[in-house]
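The values are calculated or read from the model by the stated rules, or taken from the named source; none is laboratory data. What you are looking at is a predicted structure, and each value in this text was computed from that prediction instead of being measured. Every residue, glycine as well, gets a Cβ built from its backbone with ideal geometry; the counts of neighbours run over all protein chains shown. Calculation scope for accessible area: heavy atoms of the full protein, side chains included, ligands and nucleic acids excluded. Shrake-Rupley method; radii C 1.70, N 1.55, O 1.52, S 1.80 Å.
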Amino acid sequence: MRLGPMTWPMAIGKAGAIAASKKREGDGKTPLGRYRLECLYYRPDRLVLPNVPLAHHAISARLGWCDDPSAKAYNQLVHKPFSASHEDLVRQDQLYDGLIVLSHNRWPAVPGYGSAIFLHIAKHDKGELTPTQGCLALRRSDFLAMLALLTPHMEISIV
């Protein structure tokens, strides 16, 4: 990932990348394209934010993200308990200690075209970045450095 003069290694989907129009729920691919950075969610018990000009919200145990293509709330933040399939935003690992929602398949969300495409903190395996389920991921220190460089209305290009 490159932002201004800074460059960081980044993890992508375990199955590689694909044109956004061909992205499908659960395919493990990162959608190529240009996306708005919509907002930041973070764990205040685990992450101290720098001054961030992006809208940001604390993650609580009640928050999830709907990944069920048949649900009306598909690819949206949901409050638990929630009956349809969803990801918990509070995780035991560090991946969602900080996450930025990308605008892929959001307004409107087309059922089955991919949900929960985030820029989040990466999992490490012996120093290597571990592929994601389709998101983008940075090492924790790089994620924090990137947050400090964000500007309002910033977009990301995945090429």
Quiz item: In straight Cα distance, which lysines are under 20 Å from K123, not counting same-chain residues fewer than 8 positions off?
Solution: K14, K29
Practice problem: Could you please report the charge total around L119, scoring K, R as +1 and D, E as -1 over all other residues with beta-carbon less than 12 angstrom from its beta-carbon? | Solution: -2
Quiz item: Which residue, P108, P53, P31, has the most motion in a Gaussian network model of the chain that connects Cα atoms within less than 10 Å?
Solution: P108
Exercise. DSSP loop (so not H, G, I, E, B), at most 16 other Cβ within 10 Å: list which trypsin sites (Lys or Arg not before Pro) in the stretch 1-90 pass both filters.
Key: K14, R24, R46, R62, K72
Quiz prompt | Positive minus negative residues near K29 (Lys, Arg vs Asp, Glu; Cβ under 10 Å) | solution = +3
Quiz prompt | Carbon/sulfur fraction of accessible area - the stretch 1-92, other protein chains in place, 1.4 Å, % | solution = 52
Quiz prompt | Surface accessible to a 1.4 Å probe, R91 within the full protein complex, Å² | solution = 70
Practice problem: Using a 1.4 angstrom probe on the protein heavy atoms only, line up V52, V90 by accessible area, largest first. | Solution: V90, V52
Self-check item: Normalised contact order of the stretch 94-159, rounded percent, pairs of Cα under 8 Å and 6 or more residues apart
Solution: 26
Self-check item: Local net charge near D97, Cβ-Cβ under 11 Å (Lys/Arg +1, Asp/Glu -1)
Solution: +2
Quiz item: Where is the GNM fluctuation largest for the chain (alpha-carbon springs, 10 angstrom cutoff): A17, A145, A116?
Solution: A145
Self-check item: Charge dipole (debye, nearest 20) of the chain; +1 at Cβ of Lys and Arg, -1 at Cβ of Asp and Glu
Solution: 180
Self-check item: Among A55, A122, A20: highest mean-square fluctuation, GNM of the chain, C-alpha pairs under 10 Å
Solution: A55
